Amino acid sequence: MKILIADDDPQLLRALRITLTAKGYEVCTAADGAQAIAEAVDRRPDLILLDLGMPRLDGVEVIQAVRGWAQTPILVVSGRAGSADKVEALDAGADDYLTKPFAIDELLARVRALTRRIPQAEAAPVVRLGDVVIDLAARTAERRPRTAAGPDQADAAPIRLTPTEWQFIEILIRNAGKLVTRQTILTTIWGSAHVADTGYLRLYVSQLRKKLEPDPSRPVHLLTEAGMGYRLAGMTE
């Protein structure tokens with residue numbers, strides 16, 4: 001079971017890492033909100049312990065970004081004891097809230113309660129977009145033309161995606177058929193400081209269409225919802 005701890009207090013990070021590692025958990029850490037999102041995307045934790053008052057991005061912004069593409073349980077561990085802070089975090093998508101200072105036994109009990117809700121680790125699917133097969137776990141994409149006997153793996157041609165393109169397409173795959181807003185994509189990949197930089201999105205969507213669409217000028221999979229965001233269509237597993 002992998003846990004991401006996001007907090008800007010290095011002493012608390014160290015203490016929690018030692019304690020949770022001793023309990024058999026695999027632990028990764030982040031010292032600010034932007035790093036927390038990057039670790040969540042790269043490491044795929046089973047649970048996130050999250051402080052609210054962090055630099056670069058605060059905890060609520062991290063929750064909103066993660067909820068744009070994953071349902072990973074989030075336990076807020078914060079010194080903010082006001083009911084308004086708790087309501088804001090829970091409304092943003094947090095699953096539980098623990099106020100600092102806390103007893104380690106209570107923290108461990110909250111962690112056990114949340115991890116019991118996880119039937120299994122979130123699957124990293126293998127999906128098909130027309131002739132393109134994408135394996136999120138293996139981080140591979142290739143074009144496999146269909147034949148009368150089915151997909152021809154012998155003629156498979158690899159498709160190279162950049163790390164940012166992988167993040168972009170994974171967000172869309174995990175929300176296939178749903179509208180993913182521009183703000184969600186920008187915050188998840190680049191952080192809230194770039195929430196207005198829609199030029200990034202147009203650039204990467206254009207690149208992905210050239211690599212994944214049968215006809216980039218007439219997309220059938222990576223669809224634009226004017227003024228709102230993007231939607232992935234025609235995906236099969």
Per residue, the convex hull volume that the Cα atoms of the stretch 1-52 enclose (Å³): 57
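Rounded, prolate or oblate: which fits the stretch 1-88 when a ≥ b ≥ c are the square roots of the eigenvalues of the alpha-carbon gyration tensor, with rounded for a/c under 1.5 and prolate only if a/b beats b/c?
Details: a/c = 1.58, a/b = 1.21, b/c = 1.30.
Here the stretch 1-88 falls in the oblate category.
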Place a +1 charge on the Cβ of each Lys and Arg in the stretch 2-115 and a -1 charge on the Cβ of each Asp and Glu, then give the dipole magnitude about the Cα centre in debye, rounded to the nearest 20. 320
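Report, in deg cm²/dmol and to the nearest 500, the calculated mean residue ellipticity at 222 nm for the chain, where each DSSP H run with n ≥ 4 adds -39500 (n - 2.57) and the sum is divided by the residue count. Before the final figure, lay out each step's value.
On the way: 8 runs with 90 residues, N = 237.
Roughly -11500 deg cm²/dmol at 222 nm, from the helical runs in the chain.
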Can you flag which of Lys178/Lys211; Lys86/Lys211; Lys100/Lys178; Lys23/Lys178 are past 32 Å Cα-Cα? Lys86/Lys211; Lys100/Lys178; Lys23/Lys178
Extension gain from Ala38 to Glu225, taking 0.36 nm per residue of separation minus the Cα-Cα distance: 64.7 nm
Using only the Cα atoms of the stretch 126-236, what are the Rg and Dmax in Å? 14.2, 50
Roughly what would the spin-label model give for Thr140 and Leu98, points 7 Å off Cα along C-beta, in nm? 4.0
The Kirkwood hydrodynamic radius of the chain, taken as the inverse of the mean 1/r over all distinct Cα pairs, in Å, comes to 19.1
By per-residue mean of other Cβ atoms within 10 Å, what is the highest-first order of 80-87, 52-59? 52-59, 80-87
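Set the Förster radius R0 to 25 Å, insert the Cβ-Cβ distance between Thr115 and Ala233 as r into 1/(1 + (r/R0)^6), and round the FRET efficiency to 0.05. Can you show the working numbers first?
Working: r = 34 Å, r/R0 = 1.37.
Rounded to the nearest 0.05, the efficiency is 0.15.
Remind me, relative contact order of the stretch 2-115 in percent, using alpha carbon pairs under 8 angstrom and six or more residues apart? Provide the component values of the computation, followed by the final result.
Numbers: 193 pairs, mean separation 25.8, N = 114.
After rounding, I find 23 percent.
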Whole-number percent relative contact order across the chain, with pairs defined as alpha carbons under 8 Å at least 6 apart: 15
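FYI, it's all coordinate maths here, none of it is from the lab. The structure presented is a predicted model; accordingly, all values stated were derived computationally and were not measured. FYI the Cβ positions are ideal-geometry reconstructions off the backbone, even for glycines, and counts take in every protein chain you see.
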